[in-house]
Each structure stands twice: as C-alpha cells, then as structure tokens.
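Input: a single structure, listed below in structure tokens.
Values in this text are rule-based calculations from the coordinates and carry no lab data. Model, not experiment: these values are computed from the prediction. Here the Cβ positions follow ideal geometry from the backbone for every residue, glycine too, while neighbour counts run over all protein chains shown.
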Amino acid sequence: MREKAISVLREYNKNEALIRHGLAVEAVMRFFAVEAGEDVDYWGAVGLLHDVDYEMYPDEHCKKAPELLRAAGYDNPFIHAVISHGHGLVVDAEPTLYMEKVLFAIDELTGLIGATALMRPSKSVMDIEVKSVKKKFKDKSFAAGVNRAVILQGSKNINMELDDVINKCILGMRIVAAEIGL
C-alpha cells in the first residue's frame, strides 16, 4: 500500500519539500494509528496523499484530488479521508472519522514543527521540545502561513490538549527525521 501511495504522490508532485511534507504527515498518521490500534498502512497512505493535488492544482486543492485518486484506484472512503483535511478551508467534506480528525489536526502542525526545527542549531526534530513549538505557535509572525486556528480546532476535535498533539507529532516526525531532512 505504501509503495503505491508514494508512486501516486510522486506522479503529481515533483517538489521535494511537498514530498517531505507528505512523508512527515504519513509518519505522524502512522504514530497515531499505532496508538489507536488502527490500520497503520491505511492511515499512512492517507497522510502521504493528503496533498496529492496541491502542486499541480493549487487553486483546486482537495477538489482535484478525488479525480486523481479514483484514477489510481482509491475508493470513496479513502478519498473522503484525504480531502476532509481541507474542511472549512477549501472543501465542505467534514472530517468525521477519528483518522480524518487526526489528519485535520496534524497537517498544519507538522509544518510548524518543521519550521521550528530549522531554527534550532541542530536543524532537527530529534532534540526539539513541546515548549519550543508552543513558543513559535504563539508568535503569529513565525511561519505565518501556518493556520493556528485549524490546529486548535483539530486538537479540540480529537479531544486532546495542544501540548499532547504537539508531542505526538514530534515523536512521529522523529521516526522519519533523516528521510524528511530534519
């Protein structure tokens, strides 16, 4: 399942930063899946492909994805899981399953954690702490493109304190630190 997802991701994305973002989100989704006793490969594939249409169709993000994913053989529940991270931003597809709510919560957060890591002398997630990310979270000018309201709403949707979500994201990203350049 992972090999297919990576192949589809690379078919529509050449930008290595977007691919690394997909890998980071995949790792965090897998981390949450293990904790929830869910299908790690399925959750990971959803994470990998959540931005499948972003590079080629930025103005149709989450709107072009269903077509691309159907062509690759993915079913409607998978497609809904992928596009639901854009709920309220670019699509009406609401995250209803726990997996979808996790994706909604952690997508933007992985970007904030990555940006925070790059500011550290080590440029790594291996030594980053929750308090460092929280400090940057509060600084609206830092990584200004990160939608903090989505992160807060996502944390609420999964009934988890922001500190806990940040910690789990860090732990998930550490698993693929070398692969994502952090």
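Considering segment 1-30, and only residues there that are out of contact with any helix residue (DSSP H, G or I) (no Cβ under 9 Å at 6 or more places or on another chain) and of a type in the set (G, A, S), the residue that is farthest from G172 (Cα to Cα) turns out to be S7.
This table checks each residue for (1) among the small types (G, A, S); (2) more than 21 Å from A36 (Cβ to Cβ); (3) surrounded by 14 or more Cβ atoms within 10 Å (Cβ to Cβ).
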| residue | (1), (2), (3) |
| --- | --- |
| H87 | no, no, yes |
| I113 | no, no, yes |
| S141 | yes, yes, no |
| E161 | no, no, no |
| V165 | no, no, yes |
| V176 | no, no, yes |
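Looking only at residues in segment 47-63 that are part of a loop (DSSP other than H, G, I, E, B) and touching a Gly at 6+ places or on another chain (Cβ under 9 Å), the one that is surrounded by the fewest Cβ atoms within 10 Å (Cβ to Cβ) is K63.
Of all residues in segment 8-46, those satisfying the criterion of being among the charged types (D, E, K, R) and either under 18 Å from Y74 (Cβ atoms) or crowded, with 20+ Cβ neighbours inside 10 Å (or both) are R10, E11, E26, R30, E38, D39, D41.
Looking for something of a type outside the set (G, A, S), over 15 Å from the mean Cα position of the chain (by Cα) and not in a loop (DSSP other than H, G, I, E, B) - is there at least one such residue anywhere in segment 88-105? Scanning segment 88-105, I find at least one residue that is of a type outside the set (G, A, S), over 15 Å from the mean Cα position of the chain (by Cα) and not in a loop (DSSP other than H, G, I, E, B), so the answer is yes.
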